Amino acid sequence: MKNNRVLFASLSLAAVLFSGFATPLFRPAPVKELAVTAANLTMYWIDTEGGAATLLVTPAGESVLIDTGNPGGRDAERIFQVARNVAGLKQIDHLVTTHWHIDHYGGAAELAQKIPIIEVIDKGVPASLPEDQNFARNIKPYQDMAVKKRSLIKPNETIKLQRLAKGLPNLTIRFVGVDKKFVAVTKAVKSAETCENATDKAPDTSDNANSTVLVMDYGPFRFFDGGDLTWNIEKNLVCPDNLVGTVDVFQVNHHGLDQSNNPLLIKNLSPTVSIMNNGTRKGGGPETITTLRNTPSIQAAYQLHKNIRVDSQFNTQEPYIANLEENCKANYIKLSVAPDGKKYTVSIPATNHQKTFTTKTVH
Ligand SMILES: [Zn+2]
């Protein structure tokens, strides 16, 4: 598949270049972009206004979507636009739903009307959800959509992905765990940050605490997505042993809310880049922003939105924010990992922001 794409891109480029000498219709830019990105691993953080929708596209052109934003049409359409028109996808090969809150599964059924979803991976739908009186009604469209497409998540299992072209590094997307049960995805290492003085927050009885945690490795590159995992359970990932190791890119948990993002977790993961799927008035809590600022490994902290609440001094620097205005254009954040996994570029195409980072060599 990938080889065909590269070949096609090269042929198209050659055709355009050749015809370009004879005709004024010479438009090289889009073709060049395709040729450059064809063998990259690409990720997109799609704006669902404080929900979650993270799209991964492998160098083989296979797609994994983690969460689908809210119901109501807007988020499904935004995901569809990025999937089809930006990533060039004809289907979503694997949908992972991290937990049973509507800002994470709400757009799934609507999305499936627009683009085929082949496999649905989740932790199993509970009979009821204490924090959602309307759960049975809310989940029904998802349940109907997922019939005969279901795979259940188990800790330490990986998503079955197509083999990549020869010469490319290994790609794995592994589940660290669900429902508060975790396994070590790396040789468990002693935590660098001390666990003894950790302070807990009030226990979280919601499904956030049961969020799916996954790690994607592409050669040396590592990405962490912990859904909406909350403070006390985050600690279990790194205390007494760090089950994840360090990461390159950390998707900030729970939209950056302060019930989540325990500094113990973030400092032990020691990310180079953080990406927060916050809304204008959701997430991006003062405590979380402060923790990200005080994490020495972080070179760039991205946000999907500028937080415009009264505590708006708690934001990252403006070049790292995809959407500055409340009435936003739903700009997405893109990340492209080089074919050898050794470098990656984070960009906000709408603002022309682009920054390249070197992958850690030891996790
Ligand atoms: Zn959420």
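Considering only ALA146, ALA198, ALA60, the mean-square fluctuation computed in a Gaussian network model of the chain, springs between alpha carbons under 10 angstrom, is largest for ALA198. When the chain is treated as a Gaussian network with alpha carbon springs shorter than 10 Å, the biggest mean-square fluctuation among THR98, THR212, THR199 belongs to THR199. Cβ-to-Cβ counts within 10 Å put ASP340, ASP200, ASP103, ASP228 in ascending order as ASP200, ASP340, ASP103, ASP228, the fewest first. Across the stretch 346-363, coupling constants 3J(HN,Hα) worked out from phi with the 6.51/-1.76/1.60 Karplus curve, θ = phi - 60°, read 9, 9, 10, x, 5, 10, 6, 6, 7, 8, 10, 10, 9, 5, 5, 9, 10, 10 Hz, and Gly and Pro carry x.
With the simple spin-label model, which puts each label point 7 Å out from Cα in the Cβ direction, the ALA136 to LEU161 separation comes to 4.0 nm.
Partners of LYS114 within straight-line reach, counting lysines whose Cα lies under 19 Å from its Cα and excluding those fewer than 8 residues away in the same chain: LYS90, LYS140, LYS148, LYS149.
Among 329-336, 153-160, 259-266, 71-78, the peptide with the highest mean count of other Cβ atoms within 10 Å heads the list, and the full ranking is 259-266, 329-336, 71-78, 153-160. Beta-bridge orientation, the chain: approximately 65 percent antiparallel, per DSSP, counting only bridges with both partners inside. If the chain linking GLN143 and SER312 were pulled fully straight, counting 0.36 nm for each residue of separation and taking away their Cα-Cα distance, it would gain 57.0 nm.
When the Gaussian network model of the chain links Cα atoms closer than 10 Å, the mean-square fluctuations of GLY88, GLY51, GLY256 top out at GLY88. In summary, the lysines within cross-link reach of LYS201, defined as a Cα separation below 22 angstrom excluding same-chain residues under 8 places away, comprise LYS180, LYS181, LYS235, LYS267, LYS282. Taking amide H as placed 1.01 Å from N in the peptide plane, the amide H of THR98 sits under 5 Å from that of ASP67, each at least 5 places away or on another chain.
Modelled this way, with points 7 Å down the Cα-to-C-beta line, the labels at THR194 and THR361 are 3.2 nm from one another.
Can you give the percent of C-alpha pairs in the chain whose distance is more than 31 Å? Value for the chain: 32 percent of Cα pairs lie more than 31 Å apart.
Where a number appears in this text, it was derived from the coordinates with a stated rule and is not lab data. In this text the structure is predicted, and so the values were computed from the model without any measurement. Positions of Cβ are backbone-derived with ideal geometry, glycine not excepted, and every protein chain shown enters the neighbour counts.
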